[in-house]
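For reference, the structure is listed below as structure tokens.
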Amino acid sequence: MHAWPASEVPALPGEGRDLRIHDTATGGRVTLVPGPVARLYVCGITPYDATHMGHAATYNAFDLVQRVWLDTKRQVHYVQNVTDIDDPLLERAAANGEDWEALAERETVLFREDMTALRLLPPRQYVGAVESIPKIVPLVERLRDAGAAYELDGDIYFSVASDAHFGEVSGLDAEAMRLLSAERGGDPDRPGKKNPVDPMLWMAARPGEPSWDGASLGPGRPGWHIECVAIALEYFGMGFDVQGGGSDLIFPHHEMGASHAQALTGEHPFAKTYVHAGMVALHGEKMSKSKGNLVFVSALRREGVDPAAIRLALLSHHYRADWEWTDDVLAEAVERLGRWRAAVSRPDGPSADALLAEVREALADDLDAPAALAAVDRWAAAQAADGGTDEGAPGLVSRTVDALLGVAL
Ligand code: 5CA
Ligand code: ZN
């Protein structure tokens, strides 16, 4: 698959700070010190509906990670998947009375347009599950041949007992895992499983459903977690810097992915750091395609909302917070964008050197975007109050906001 076009990231004077970020696996803050090429895998969408504010907020968080790395003069190798075959996609296509491939294609096109409008940096590889099947099948065969997977009526399950580190990403106990597994695509009550939370690696072909050649596995389709493992191992191998997604992916998805990869390679860890964004809600409930309580990026764009304002609305919440999307959040962002644009449109202003240092420090401190916005607000207020004579200042503010926050003023 192809990704979407990249917006320019202006270079800033001086040097950025190393990122201190909350790591889900250790439950504490770590300072990330990647090599010259930082490696980031962020779980992509399941394309059965349009991009909503929750997705956008999560991708915005990982865009900030990249911008902080770029500011430390590192390159970033970013990989993202598209889950273009999975139960929810087939269910929605059936409900719509349309072809599942057409649905996936349409929503993936729209996602790319939304990402472009929001100026989220594109992955170097944007990879679909379907195109990854030839990579997935041998991994499942290897797990089975090593005794880390078993067959149940033609389906192949991963045995979580095969990974000594199982449980270390989420830190959850067995009962909590069982509940989340039932909620998030697992089948803990299926008789015959060794452990109720063992996830499917390969689902034998079902009548009326698409299936692919699975070599010795027989025809079928891949499970969800092995998809991201195959893609991350293909482009990174073990021990890449960050795996990211929303907090609903901590268990089972990232826990299982780590265990699949660890059982396959005998190495640990899969990702050095696991980073998770909070959930965006609407009307008191997590925004989700299955509940249908959604605000779409594309719908706001169609209404004429400036994508830069949408981005400022996302940035006004800390990425780890669970928060609620409201009309006020957007109205405040629209107002802020206007204020900032007026402030940088003057030919000179108060010095922006302190502002650059403050924005850098805020983002390096567990991506504290609200603190970064507050710093720019202060500069804009000083500009509005008595201005200043520094001719380079408005330009430096624009470049800072562009390079570090992804907002074009
Ligand atoms: N295809 C899988 C990942 S491999 C998947 O979870 N797709 S998704 O379309 O359901 O979600 C895409 C990303 O958006 C995931 O990182 C998910 O955690 C995040 N996400 C989904 N809903 C929300 C929400 N309400 N708030 C914040 N992030 C969300
Ligand atoms: Zn994933």
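Going by alpha carbons, how many degrees (0 to 90, nearest 10) lie between the helix axis of 53-71 and the longest principal axis of the chain?
Once rounded, one gets 70 degrees.
Just to make sure I understand: if all protein chains stay in place, what is the order of ARG142, ARG74 by accessible area at 1.4 Å, largest first?
Most to least solvent-accessible, the answer reads ARG142, ARG74.
Distance in nm between label sites at GLU361 and GLU234, each 7 Å beyond Cα in the beta-carbon direction?
4.4 nm
In nm, give the distance between the simple-model label positions of ALA11 and SER211, each being 7 Å from the Cα along the Cα-to-Cβ direction.
Placing both labels 7 Å along Cα→Cβ, they lie 5.6 nm apart.
Give the long-range amide H neighbours of ILE85: residues separated by 5 or more places, or on another chain, with amide H under 5 Å away, using H modelled in the peptide plane at 1.01 Å from N.
ALA129, VAL130
Could you state the number of Å between the C-alpha centres of the range 341-409 and the range 230-245?
Cα centroid to Cα centroid, the span is 35 Å.
For the range 289-305, what does the Karplus curve 6.51 cos²θ - 1.76 cosθ + 1.60, with θ = phi - 60°, yield as ³J(HN,Hα) per residue in whole Hz, taken in order and with x for Gly and Pro?
Coupling constants for the range 289-305: 4, 6, 7, x, 8, 10, 10, 8, 4, 5, 5, 5, 4, 5, 6, x, 6 Hz.
How far, in degrees from 0 to 90, does helix 174-183 lean away from the longest principal axis of the Cα atoms of the chain, to the nearest 10?
Relative to the chain, helix 174-183 is tipped by roughly 80 degrees.
Arrange the residues LEU143, LEU172 by how much accessible surface each exposes, largest first, with a 1.4 angstrom probe.
Largest to smallest exposure gives the sequence LEU172, LEU143.
Step through the residues of the range 23-40 one at a time and calculate ³J(HN,Hα) from phi using the Karplus curve (6.51 cos²θ - 1.76 cosθ + 1.60, θ = phi - 60°), rounding each to whole Hz and writing x for Gly and Pro.
9, 4, 5, 8, x, x, 8, 10, 8, 7, 10, x, x, x, 10, 7, 10, 10
Stokes-Einstein D for the chain at 4 °C, 1.567 mPa s, Kirkwood Rh over Cα pairs, in µm²/s?
It comes out at roughly 58 µm²/s.
Taking the chain as the reference, fit the longest principal axis to its C-alpha atoms, fit the long axis of helix 327-344 to the helix C-alpha atoms, and give the angle between the two in degrees, 0 to 90, nearest 10.
For helix 327-344, the angle is close to 40 degrees.
Could you pull out every residue, at least 5 positions away or on a different chain, whose amide H is within less than 5 Å of the one on TYR48? Hs are placed 1.01 Å off N in the peptide plane, and Pro or chain starts have none.
none
What is the sum of charges around LEU233, taking Lys and Arg as +1, Asp and Glu as -1, for the other residues whose C-beta is under 14 Å from the C-beta of LEU233?
Computed value for this residue: 0.
From the backbone phi of the range 131-146, what are the Karplus-calculated ³J(HN,Hα) couplings (6.51 cos²θ - 1.76 cosθ + 1.60, θ = phi - 60°) in whole Hz, Gly and Pro given as x?
5, 8, 3, x, 7, 6, 4, x, 5, 5, 4, 5, 4, 5, 5, 8
Output the antiparallel fraction of DSSP beta bridges having both residues in the chain, as a percent to the nearest 5.
45 percent
Probe 1.4 Å, all protein chains in place: accessible area of GLU131 in Å², nearest 10?
That residue has around 100 Å² of solvent-accessible surface.
Which residues' amide hydrogens lie under 5 Å from the amide hydrogen of VAL280, considering only partners 5 or more residues apart or on another chain, with H built in the peptide plane?
Here the answer is MET287, TRP323, since their amide H atoms fall under 5 Å of that of VAL280.
How much accessible area does ARG346 have with a 1.4 Å probe, in Å² rounded to the nearest 10?
For ARG346, the solvent-accessible surface is approximately 100 Å².
For every other residue with a beta carbon closer than 9 angstrom to the beta carbon of TYR48, add +1 if it is Lys or Arg and -1 if Asp or Glu, then tell me the sum. Don't skip to the end; give the middle numbers.
Numbers: positive: ARG92, LYS289; negative: ASP49, ASP86, GLU91, GLU107.
Taking every Cβ under 9 Å from that of TYR48, the sum is -2.
The values are calculated or read from the model by the stated rules, or taken from the named source; none is laboratory data. Since the model is a prediction, treat every value here as computed from it, not as a measurement. Counting neighbours? That spans all protein chains shown, and the Cβs are built from the backbone with ideal geometry, glycine included. When the accessible area is computed, the model is the full protein with side chains, heavy atoms only, and any ligands, DNA or RNA have been set aside. Shrake-Rupley method; radii C 1.70, N 1.55, O 1.52, S 1.80 Å.
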